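Worksheet for the structure shown next.
The values are calculated or read from the model by the stated rules, or taken from the named source; none is laboratory data. None of the values given here were measured: they were computed from a predicted structure. We place every Cβ from the backbone using ideal geometry, glycine too, and count neighbours over all the protein chains shown. With ligands, DNA and RNA removed, areas are computed over all heavy atoms of the protein, side chains included. Shrake-Rupley method; radii C 1.70, N 1.55, O 1.52, S 1.80 Å.
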Amino acid sequence: WRISQVPAVQASFVSMSSEDGSIRSLVGGFDFNLSKFNHVTQGWRQPGSGIKPFIYSAAMEKNGLTPGSVVDDTPIKVGSWTPRNSDGRYLGPIPLSTALAGSRNMVSIRLLQSMGNDYFRQYATRFGFDGNRIDQYLTVALGAIETTSWQMVNAYGVFANGGYKVNPYIISKVVDRNGTTILQAQPKKAGDEANRVITAKNAAMTDSLMRGVVQRGTARAAMALGRSDIAGKTGTTNDAKDAWFNGYQPKIVGIAWMGFVKPKSLGEGEFGGTLSLPIWMSYMSAALKDKPEHLPAEPAGLLTLRIDPISGRAASPGAPDAYFEL
């Protein structure tokens with residue numbers, strides 16, 4: 001005899017080929033026999049800081065910024081709303097590369113202010129987000145929208161493959177008992193310019209920001225995989241009601257989520273980097289085993305420089321941050 005406990009908390013995971021959208025794995029919850037609800041396709045939740053790469057991408061597109069551009073990380077007050085950084089610290093003027101690596105809320109809010117919610121709403125639909133679920137408030141910069149893991153794996157795939165939107169699909173082929181094909185998937189593919197939704201330069205710059213999240217930021221635990229070609233973004237909502245890790249290697253994207261069916265706190269001090277990142281790492285350690293590292297080619301017209309993380313200006317070799325400049 002043994003005592004077992006059915007967990008109250010739920011988790012989900014989905015992975016997709018960034019080249020054609022084919023789904024490689026999908027786990028919608030703890031036990032299908034206990035609940036038929038699929039948290040990947042049916043669970044509309046807030047992404048928290050998982051929305052920030054799209055905020056940064058939109059700001060770089062509209063305002064001509066680069067990962068080396070300096071934005072102020074100081075307190076903001078909008079009416080009665082006084083947001084704060086999760087660690088309660090404020091770093092002053094910092095480059096975008098430092099800001100995303102540390103998930104600085106004040107920078108994300110200022111970027112959204114600079115472009116406006118209307119522009120961001122339109123921009124986000126390029127990645128497959130539902131514009132009707134993105135409102136006019138600055139809280140959008142901190143992930144106060146609704147999305148699903150299915151949308152998230154689709155959206156992050158755009159950064160993984162260099163700017164192309166491919167649609168996730170599960171069934172590739174159906175044949176009848178006589179072997180006649182009655183359904184054949186015709187997926188959109190990366191590399192087809194008809195499927196491009198952001199420029200190669202924008203995708204490369206945003207990718208460099210998210211590799212910084214792994215190498216020196218909130219997802220640095222993923223460095224234990226021993227790879228330089230992985231990137232992503234942690235996401236944690238208010239009171240840790242949802243915990244995410246959204247990450248990829250250029251060929252495969254994975255989205256891990258954890259939360260309660262009826263949203264409530266997962267516990268004090270819990271974050272996407274502590275709860276969901278280990279799920280993602282466990283999967284990727286198997287999916288990428290014996291696979292060579294693959295870093296995408298740098299698009300023409302970009303220059304890689306080392307910058308000083310305080311001034312944002314070119315720095316001597318060995319500086320911790322890098323950015324792309326047109």
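All of Phe54, Phe120 fail the test of being under 26 Å from Ala190 (Cβ atoms), in contact with a Ser or Thr (Cβ under 9 Å, 6 or more places away or on another chain), aromatic (Phe, Trp, Tyr) and open to solvent by less than 20 Å² (accessible area, probe 1.4 Å), apart from Phe54. If the condition is being crowded, with 17+ Cβ neighbours inside 10 Å, among the β-branched types (Val, Ile, Thr) and touching a Lys or Arg at 6+ places or on another chain (Cβ under 7 Å), then region 148-181 contributes Val158, Val166. Among helices (runs of 4 or more DSSP H) entirely within region 100-191, having at least 3 residues that are of a type outside the set (Gly, Ala, Ser) and within 23 Å of Ile230 (Cα to Cα) singles out 149-160. Tallying residues that are out of contact with any Leu (no Cβ under 7 Å at 6 or more places or on another chain) and either among the hydrophobic types (A, V, I, L, M, F, W, C) or not in a loop (DSSP other than H, G, I, E, B) (or both) within region 71-90 yields 3.
Of everything in region 14-51 that is hydrophobic (A, V, I, L, M, F, W, C) and not in a loop (DSSP other than H, G, I, E, B), the residue that is most open to solvent (accessible area, probe 1.4 Å) is Val27.
Scanning for something open to solvent by 10 Å² or more (accessible area, probe 1.4 Å) and more than 26 Å from Arg211 (Cα to Cα), does region 104-116 turn up at least one residue? So far as region 104-116 goes, yes, one or more of its residues are open to solvent by 10 Å² or more (accessible area, probe 1.4 Å) and more than 26 Å from Arg211 (Cα to Cα).
Among the residues of region 255-262, is there at least one that is farther than 17 Å from Gln10 by Cβ, modelled with pLDDT of 90 or more and open to solvent by 80 Å² or more (accessible area, probe 1.4 Å)?
Here is the first cut: in region 255-262, the residues farther than 17 Å from Gln10 by Cβ are none.
No.
Please verify whether Thr74 is open to solvent by less than 50 Å² (accessible area, probe 1.4 Å), over 25 Å from Ser282 (Cβ atoms) and free of Cβ contacts under 8 Å to residues at least 60 places away in the same chain, treating the condition exactly as stated.
On the way: open to solvent by less than 50 Å² (accessible area, probe 1.4 Å): yes; over 25 Å from Ser282 (Cβ atoms): yes; free of Cβ contacts under 8 Å to residues at least 60 places away in the same chain: yes.
Here the answer is yes, as Thr74 does meet what is asked.
Output the residues belonging to region 150-188 that are of a type in the set (Lys, Arg) and within 26 Å of Phe245 (Cβ to Cβ). Correct list: Lys165, Lys188.
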